[in-house]
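Enquirer: One structure, as structure tokens, below. Some questions next.
The values are calculated or read from the model by the stated rules, or taken from the named source; none is laboratory data. Quantities reported herein were computed from a predicted structural model and do not represent experimental measurements. Ideal geometry is used to build each Cβ from the backbone, glycine not excepted, and the neighbour counts take in all protein chains shown.
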Amino acid sequence: MTAMVAVHGVGHFLSAVPPEEIVTARSAAWAKDLAAGLGTTAEHLPVTYSYYAHHLHRGRPVSQGVADDLDTLVREHPGLTEGVTHWAESLGEALDLELPPPATAQGRLAVPLRQLVAMISESLSLDGRLTQAFIATFFRDVTRYLGDKNGSTRAAAREEVAGTIASTGARVVIAHSLGSVVAYEALHAHPELEVDLLLTLGSPLALRHGVFDLLSPAPVDGTGRRPPGVRRWVNLSDHGDIVAIPRPFKQRFPSVDLDLTDSIAPFDFHRASPYLRSAAVASTLAPYLPTS
């Protein structure tokens, strides 16, 4: 059977649960979601969850709230305003939203983040408080990974994923959200790892300033590089995914074999489960699974 590694996205840190317990529980959950889309049973899907979130939070105080809000994030990470602003602009272009006009020479950096997020929530008929909490969680984890100055946190997360792929002998890697960034860098850092399929879901890899320009290896002439050991790369994004922007993904990563945009669960805050249960994921994985 083809072993698969699942690489999670943002917001999956559980401080009170040992990593090995999280791996066991989440491996079963991903297998169940994939099985639902494939019309099989989870027992037929050897999925191993690669848990790296604890590396992003090591040495940090445990949050007392549901999620850090935007004001807290800006205080902790002064440069975060630019990343969120560029995200808002990319989302506005992708979904044809009318954002506030640039107020100064610095453009929308002068517009309060709350105002930008509120306008996006209203335009997409989303719960404003939930949208803000999600964006705060997303950019918090992205900043903790890509904004790591000494590199130890980033390297630990990357090595966790590479180690899972190596130890399982996985030939299929399914990476969601920030996990696609970690998997991308892990596969580049370990060119000896060969996989038949890299499937990226709701990936922010192409997001300028906040993600794309900070990748390792760095993009060359505005183009991201394909990991050397990847035989086939498929990227899938939902039409309403507020993180998988800008589109088309292939514009930044022309070496991707297939760049799909589908209606999976519009504006469902980018969750992994709807992706895993989708027909698009099932058809992509089917050739790599046993026929009986």
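Enquirer: Got a number for residues in the range 231-251 being in contact with a helix residue (DSSP H, G or I) (Cβ under 6 Å, 6 or more places away or on another chain) and either at pLDDT 95 or above or at positive phi (or both)?
Expert: 3
Enquirer: Show the residue pairs meeting these rules: Cβ distance below 6 Å; 6+ apart or different chains; first residue within the range 82-100 and closer than 15 Å to Leu124 by Cα; second residue of a type outside the set (Asp, Glu) and in a helix (DSSP H, G or I).
Expert: Going by the 6 Å Cβ cut-off, the qualifying pairs are Ala88/Leu116; Leu97/Ser123; Leu99/Gly92.
Enquirer: Among the residues of the range 1-39, what is the count of those that are farther than 19 Å from Arg271 by Cα and in contact (Cβ under 8 Å) with a residue 40 or more places away in the chain?
Expert: Number of matching residues: 6.
Rundown of residues vs (1) touching a helix residue (DSSP H, G or I) at 6+ places or on another chain (Cβ under 9 Å); (2) over 21 Å from Asp241 (Cβ atoms); (3) surrounded by 22 or more Cβ atoms within 10 Å (Cβ to Cβ), yes/no style:
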position	(1), (2), (3)
Val7	yes, no, yes
Pro18	no, yes, no
Thr24	no, yes, no
Ala42	yes, yes, no
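Enquirer: Restricted to the range 177-223, and to residues that are under 16 Å from the mean Cα position of the chain (by Cα) and among the acidic types (Asp, Glu), which residue is nearest to Ala157 (Cα to Cα)?
Expert: Per the stated criteria, the residue is Glu185.
Enquirer: Of the numbered conditions (1) among the hydroxyl-bearing types (Ser, Thr, Tyr); (2) modelled with pLDDT of 95 or more; (3) under 16 Å from the mean Cα position of the chain (by Cα); (4) farther than 26 Å from Arg144 by Cα, Thr261 satisfies every one except a single condition; which is it?
Expert: (2)
Enquirer: Still on this structure, please answer the following. Looking at (1) crowded, with 18+ Cβ neighbours inside 10 Å; (2) in contact with a helix residue (DSSP H, G or I) (Cβ under 8 Å, 6 or more places away or on another chain); (3) in the same structural domain as Ser50 (by TED's automatic domain parsing); (4) within 27 Å of Thr2 (Cα to Cα), find the lone condition where Pro227 falls short.
Expert: Exception for Pro227: condition (3).
Enquirer: With the requirement that a residue be in contact (Cβ under 8 Å) with a residue 40 or more places away in the chain and polar (S, T, N, Q), what does the range 132-179 give you?
Expert: Answer for the range 132-179, where residues must be in contact (Cβ under 8 Å) with a residue 40 or more places away in the chain and polar (S, T, N, Q): Gln132, Thr137, Thr143, Thr153, Thr164, Thr168, Ser177.
Enquirer: Which pairs do you get when a residue that is closer than 13 Å to Ala36 by Cα, found in the range 273-292, comes within reach of a residue that is among the aromatic types (Phe, Trp, Tyr), reach meaning Cβ atoms under 8 angstrom, with the pair 6+ apart or on two chains?
Expert: Note: pairs meeting the criteria are Leu276/Trp30; Val281/Tyr275.
Enquirer: Which numbered condition trips up Pro78, out of (1) more than 22 Å from Arg171 (Cβ to Cβ); (2) over 22 Å from the mean Cα position of the chain (by Cα); (3) modelled with pLDDT of 90 or more?
Expert: For Pro78, the exception is condition (3).
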